[in-house]
Each structure stands twice: as C-alpha cells, then as structure tokens.
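The structure appears right after this line, and notes come after that.
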Amino acid sequence: MGFQFCPRCATPLVEREAGGKARPACPKEGCGYVFWGNPTPVVAAIIEHDGAVLLARGRGWPEKLFALVTGFLEANETPEAAVLREVKEETGLEGELVGFVGAYPFELRNELILAFHVRASGPITLSDELEATKHIPKERLKPWPFGTGMAVRDWLERGDLVPERAVTPRSAS
C-alpha cells in the first residue's frame, strides 16, 4: 500500500532505487520525496485485571474473536504513556506499567507492535471502540500465531517478566 502521487507536489510517483530497494519516488527535480513504507508504531497491553488477563473484542469483530487492547502512538508521546492512555480510553481502567514485553512486526498491516505488561484496577467502562471484554486466567491463556499473539506467547514463556515494582513512564522530550 502506498501513494500514487507525490504528497508534496502531486507528481505521479515512479519506481526508483532508494536505500537498496525499488520504492515509489517523485521524479520531479528538486522534490526528492521517497515513499519508504515504514511501519506504523502500535502499542499493545497485556492487562492483568482481577487476577486474570483481560481481552477485548472490537466493534464489528466476529463474536468469538478477542485480543489485547491496542492503539497508535500520538505525536510526542512515549510508548509507555501511549499504552496507559489506550488502556484508560478503551476500558476505563487505571493502569500501572509493569514492564516491556517486546517489539513484534505485524506485516499484514505494516505495523510494529510494542507490547507491555500492564496491571490495572477499577471497574471496566467500554469505549465506543469495544463491544466486550473477557477475563482469561493466565494458565488458560493461549497465544495466537500472529500480531499481538506473539507478545502473549513471549509473556507466558517468560514467567519471570514481572519485576518487583512497576515502571514509571518517561515523559516525552
């Protein structure tokens, strides 16, 4: 997926070598635009709530499909702040960052998932983005073979992932 026209000058893009690979680029002299196709950063939360892992079902998803709470970073926002914001916005829960789980490419959507372990408390209040949530005991949680499922797999395999105290989010600079 990409642009057909230069977003700077509206000239039709052509394929040309850039960074060792053929990429859509503007042929107009002096413009220099190249569509790099870099992945979009996304945060994901493995939420521990009421003694289980909280999964969510997005609006319009199949009835049995549940996943981690995810969302995009905003400008000048750290991943740590973004994941806590997403947990609050989508579930109404107050989150405490426990640790970073890992980074996972999600090629299907050209995203880079930054997954975190979050401990949350309070009553659940669903946002307009979600239809339902469900609690799965950690011992019954099974990872799925794509996207955020890889983070769940790693989190389950590394049972020592939980440090004694929570991580404090850094502020954006």
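Rule-based calculations on the coordinates, nothing more; no lab input. Predicted model, so just to flag it, every value in this text is computed and none were measured. With ideal geometry, Cβ positions are generated from the backbone for all residues, glycine too; neighbour counts draw on all protein chains shown.
Could you tell me how far the Cα centroid of region 12-74 sits from the Cα centroid of region 126-149, in Å? Cα centroid to Cα centroid, the span is 20 Å.
Quick one: work out the % antiparallel among DSSP beta bridges in the chain, nearest 5.
Working: 32 of 41 bridges.
Of all bridge pairs located within the chain, approximately 80 percent are antiparallel.
Grab the other residues whose beta carbon is less than 13 angstrom from that of Phe146, score K and R as +1, D and E as -1, and report the net.
Numbers: positive: Arg109, Arg153; negative: Glu107, Glu111.
Cβ neighbours under 13 Å give a net charge of 0.
Peptides 48-54, 85-91 ranked from most to least packed, by the mean per-residue count of other Cβ atoms within 10 Å: 85-91, 48-54. In whole percents, the pair-distance distribution calculated for region 82-123 from its alpha-carbon pairs, binned every 10 Å from zero, is 29, 44, 25, 2. Net charge in the neighbourhood of Lys88 (other residues with Cβ under 12 Å of its Cβ; Lys, Arg +1, Asp, Glu -1) is -4.
Starting from the Cα gyration tensor of region 20-117, multiply each eigenvalue by 5, take the square root, and state the resulting semi-axes largest first in whole Å.
Details: eigenvalues 221, 49, 29 Å².
They are 33, 16, 12 Å, listed from largest to smallest.
Computing FRET efficiency as 1/(1 + (r/R0)^6) for Cys9 and Val34, where r is the C-beta to C-beta distance and R0 is 22 Å, gives about 0.95. Cβ crowding within 10 Å ranks Ser127, Ser121 as Ser121, Ser127, fewest other Cβ atoms first. Computed over the alpha carbons of the chain, Rg followed by Dmax gives 19.2, 60 Å. With θ taken as phi - 60° and the Karplus curve 6.51 cos²θ - 1.76 cosθ + 1.60 applied, the whole-hertz 3J(HN,Hα) list for region 64-75 is 9, 8, 10, 8, 6, 6, 9, x, 8, 6, 9, 4 Hz, x standing for glycine and proline. The residues neighbouring Ala22, those whose beta-carbon lies less than 13 Å from its own, together hold a net charge of +1 under the Lys/Arg +1, Asp/Glu -1 convention.
Annotation: average projected area of region 59-157 is 6.8 square nanometres, based on the convex hull of Cα atoms across all directions.
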